[in-house]
Amino acid sequence: MRAYLVRRLLYALLTFVGITIATFTLIHSVPGDPVTFYVGRVNVGSLSAQTLAAIRHEFHLDEPLPRQYLRWLRGAVTLDFGRSIQDRRPVRERILEKLPNTFELNFLAFLLAAGLGIPIGLWSAAHSGRLAERASAVGFFLIYSLPSFWVALLLIECFAVRYEILPLLGRVSDDYFELSASAQLADRMRHLVLPVLTLAYAQLAIFARFSKSALTEVIRQDFITAARAKGAGTAAVLWHHALRNALIPLITLLGITIPYLLSGSVIVEQIFQWDGIGLLYYDSILMRDYPTVMGLTVMTAIVTLFASLFADVLYAFADPRVRLGEEAMP
């Protein structure tokens, strides 16, 4: 088990370094100078060439790219990502300020996708081959195929514009602080509905189809037939026998769901103007704010790698053959 974890940690470290190098190179190769964007917010005519050079020197933009990366990496090891070019605030402070908003959105989307998708997958496996199950399979395939920005615009058009049931943008209403405590909670929940649905619909379809496939394979095994022969009901067979043995592929799915939700947050938060790290990421890329982009990349990479590592650990506990390696092989 220890050797397995060491290998996974080594792979994660190498992957992390590769991600940072690729992102650092790509963001610096995109046309546009961050100092130009910063100057555009102030006044181009009021800044001399010496001032512009001083700004570039302050953020080490006048150094060769490899030296810039090594300087950044030395600070990133201690979670010091420097200061934002746009507002000169510490990047870590900006990320921690937005992180709870994105966590709230992603956590609810994950609960919705897994909480509905897995039971639907159980139902589909138990009713495999029937007309209702086949229709649901086609429906989930179509749902997964829909692009998230189109679904977001469709939900906005239906529930926010045409029927005015739900709010259009933001996390709270303009009169939020004038409301009572219960009204504030209701207002926040109403603002969550559309972005959570947009973020969760594709993953719900994946959970349903993935769990159905895994359970269908397990249901065909001999021990399931034996459990049914002993008089176990359908619910007991599915929950206590089949689901436990289908956990390995589901654990793998759980490990890739979190990174997917984080990447999807960039689009969803931009459309709904949700004040989280996804919107911060989008704005930072547009403004060529290199320190903020790299800080967010590190945070996303760490979450992704830890989610993958956590899934690997659960995988090893669920399947001793993974944990013991060749020793478990006959």
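Computed from the coordinates by the stated procedures, all read-outs in this text should not be read as laboratory data. Predicted, not measured: the structure shown is a model, and the values here were computed from it. So basically every Cβ, Gly included, is an ideal-geometry build from the backbone, and we count neighbours across all protein chains shown.
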- Calculate the dipole size of the chain relative to its Cα centre from +1 charges on Lys and Arg beta carbons and -1 charges on Asp and Glu beta carbons; express the result in debye to the nearest 20. 960
- What order, most packed first, do the peptides 221-231, 263-273 have when packing is the mean number of other Cβ atoms within 10 Å of each residue? 263-273, 221-231
- Contour excess over end-to-end distance, with Cα ends at SER29 and LEU9 and 0.36 nm allotted per residue: 4.2 nm
- Note on the structure: Label model pair VAL172, TYR144: point-to-point distance (7 angstrom along the Cα→beta-carbon line) in nm is 3.9
- Item | At q = 0.10, 0.15 Å⁻¹, base-10 log of I(q)/I(0) for segment 91-286 (Debye sum, equal scatterers on each alpha carbon) | -0.52, -0.94
- Highest mean packing first, using Cβ neighbours within 10 angstrom, the peptides 52-62, 300-310 sort as 300-310, 52-62
- Bins of 20 Å, starting at 0 and running to the largest distance - Cα pair percent for the chain: 24, 48, 24, 3, 0
- Over all viewing directions the Cα convex hull of segment 131-184 casts an average projected area in nm² of 6.0
- Tilt relative to the chain, helix 181-219 - C-alpha long axis, 0 to 90 degrees, to 10: 50
- Task: Please give the calculated 222 nm ellipticity per residue for the chain, where each DSSP H segment of at least 4 residues contributes -39500 (n - 2.57) and the sum is spread over every residue; nearest 500 deg cm²/dmol?
- Result: -24000 deg cm²/dmol
- Interchain or sequence-distant (5+) residues whose placed amide H lies within less than 5 Å of the amide H of ARG83 are VAL91
- Rounded tilt (10° steps) of 91-126 against the dominant C-alpha axis of the chain: 20
- Compute the distance in nm between two label points, each set 7 Å from the Cα along the Cα-to-Cβ direction, one at SER263 and one at LEU65. 2.3
- Distance (nanometres) between label positions extended 7 Å along Cα→Cβ at PHE107 and ARG190: 2.4
- Query: How much length, in nm to one decimal, is gained on full extension between ASP87 and SER213, taken as 0.36 nm per residue of separation minus their Cα-Cα distance?
  - Reply: 40.4 nm
